[in-house]
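Engineer: Following this message is one structure expressed as structure tokens.
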Amino acid sequence: MSFYLPLITPHFQRIAIGETLTSLWSGCGHIVKCQLDEQACVIKAIKVPDHINHSKIKQSAFALNRKRDSYHVEYTFYQQFSHKLPKQAQSIDCIKAINKVDEYALVFKDFSKQEYTQATANNIKAILKWLAYFHAFHLNAQFDGLWAQGSYWHLATRPDEFNNLPEKSDIKQTASLLNSALKQCDYQTLIHGDAKLANFAANSQGHIRGYDFQYVGAGVGVVDVMYFMTSCLDDSELHKHAQTYLDYYFSQFKNALSHYQPAVNADDVIAQWAHLWPVAWADFYRFLLGWSPEHKKINGYMQAQVNNWLASNNS
């Protein structure tokens with residue numbers, strides 16, 4: 001019997017389990033289609049194993065606990081935060097979030113039955129608008145139960161990758177400065193933390209739904225925007241379009257802030273976050289260089305942003 005059935009059985013009278021859509025990262029569970037009380041649903045069934053088998057991640061209690069904590073954060077997000085999101089920045093519909101010890105069952109409406117499909121590169125601007133509204137809505141709010149620092153690559157959560165960096169490399173020697181710049185910004189918000197293209201769904205009207213909120217927590221908006229661009233733009237496209245897309249994000253953020261928090265000086269927020277654009281890139285580069293130095297996301301645009309930041313801090 002699948003481990004998640006005892007979790008969901010008390011909550012639904014009629015349960016029909018369908019196909020397994022995919023397995024979760026490194027054996028942490030699976031995503032399953034089902035019918036629950038005649039409603040088309042998808043279950044994200046989570047149970048982190050005692051050993052993570054991943055080619056680039058050192059097996060350690062720290063890494064294992066990071067993964068376990070990430071699923072508890074996601075559970076908390078869907079249980080306490082997702083239903084409060086504004087219509088311009090919604091998540092997929094979670095109808096039940098269930099937890100017992102180290103097992104979770106997150107039950108979602110099947111978004112494919114709501115005419116949503118996996119987002120594509122045609123949805124870049126719509127997702128940037130989603131991010132802008134998500135960030136504006138949560139600016140300077142409290143996020144109890146979520147990560148104190150969002151994203152899966154920030155310095156405190158990646159000691160093994162930091163130790164892998166060459167001792168005398170510029171990026172290792174300035175890693176704490178990068179982290180401090182992001183954390184000490186006057187304007188913190190809630191960031192998705194894993195805002196890649198694959199974690200959004202879109203419908204034919206261009207409406208967006210986000211999902212996979214394992215690394216949602218405090219941060220600055222450009223961290224999400226940077227990471228999103230790495231997921232859908234190659235080096236050439238970044239050189240051509242990154243600034244235009246960043247400007248578009250900021251224009252949408254300003255619109256959203258005027259609606260949600262009109263007392264906040266939007267131009268000041270944008271100025272501070274724009275200043276952190278190369279910092280966000282350099283910080284992600286620090287992680288990649290220690291995790292997978294041959295990674296395809298390490299490209300000319302990223303290197304230019306890193307050099308930009310290093311030069312401004314060595315002058």
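The values are calculated or read from the model by the stated rules, or taken from the named source; none is laboratory data. If you're wondering where the values come from, they're calculated on a predicted model, not measured in any experiment. Cβ atoms come from the backbone with ideal geometry, glycine included; neighbour counts cover every protein chain shown. The protein model used for the area step is the full one, side chains on, heavy atoms only, and it has no ligands, DNA or RNA in it. Shrake-Rupley method; radii C 1.70, N 1.55, O 1.52, S 1.80 Å.
Engineer: Within the chain, which is the longest segment that contains none of the trypsin sites (Lys or Arg not before Pro) sitting in a DSSP loop with at most 11 other Cβ atoms within 10 Å?
Structural biologist: It runs 169-295.
Engineer: How many Å² of accessible area per residue for the chain, probe 1.4 Å?
Structural biologist: 45 Å²
Engineer: Then there's this: Relative contact order for the chain: what is it in percent, counting Cα pairs under 8 Å that are at least 6 residues apart?
Structural biologist: Here the relative contact order equals 18 percent.
Engineer: Can you tally the net charge around residue 246? Count Lys and Arg as +1, Asp and Glu as -1, for every other residue whose Cβ sits under 14 Å from the Cβ of residue 246.
Structural biologist: +1
Engineer: So how tilted is helix 235-260 from the main axis of the chain? Cα-based, degrees 0 to 90, rounded to 10.
Structural biologist: 70 degrees
Engineer: Quick check: Cα centre of segment 206-230 to Cα centre of segment 293-315, how many Å?
Structural biologist: Between the Cα centres of segment 206-230 and segment 293-315 lies a distance of 21 Å.
Engineer: Quantify, in whole percent, the carbon and sulfur part of the accessible surface of the chain (1.4 Å probe; protein heavy atoms only).
Structural biologist: 48 percent
Engineer: Which lysines, if any, have their Cα less than 19 Å from the Cα of residue 84, not counting same-chain residues under 8 positions apart?
Structural biologist: Here the lysines satisfying the reach criterion relative to residue 84 are 96, 109, 129.
Engineer: On a 0 to 90° scale, report how tilted helix 221-232 is relative to the longest principal axis of the chain, with both axes built from alpha carbons and the result rounded to the nearest 10.
Structural biologist: Taking the Cα atoms of the chain, the angle to 221-232 is about 80 degrees.
Engineer: In percent, how large is the relative contact order of segment 179-315, given Cα pairs closer than 8 Å and 6 or more residues apart?
Structural biologist: Relative contact order here is 25 percent.
Engineer: Take the chain, mark every one of the GluC sites (Glu not before Pro) that falls in a DSSP loop and has at most 12 other Cβ within 10 Å, then report the longest stretch left between them, sites excluded.
Structural biologist: That gives 168-293 as the longest site-free run.
Engineer: Can you return the aspartates and glutamates within cross-link range of residue 240? Criterion is Cα-Cα under 20 Å, with same-chain partners fewer than 8 residues away left out.
Structural biologist: 224
Engineer: Taking a 1.4 Å probe, which of 260, 215 shows the most accessible area, and what order do the others take after it?
Structural biologist: 260, 215
Engineer: On a 0 to 90 degree scale, rounded to 10, what angle separates helix 300-314 from the longest Cα axis of the chain?
Structural biologist: Orientation of helix 300-314: about 50 degrees from the principal axis.
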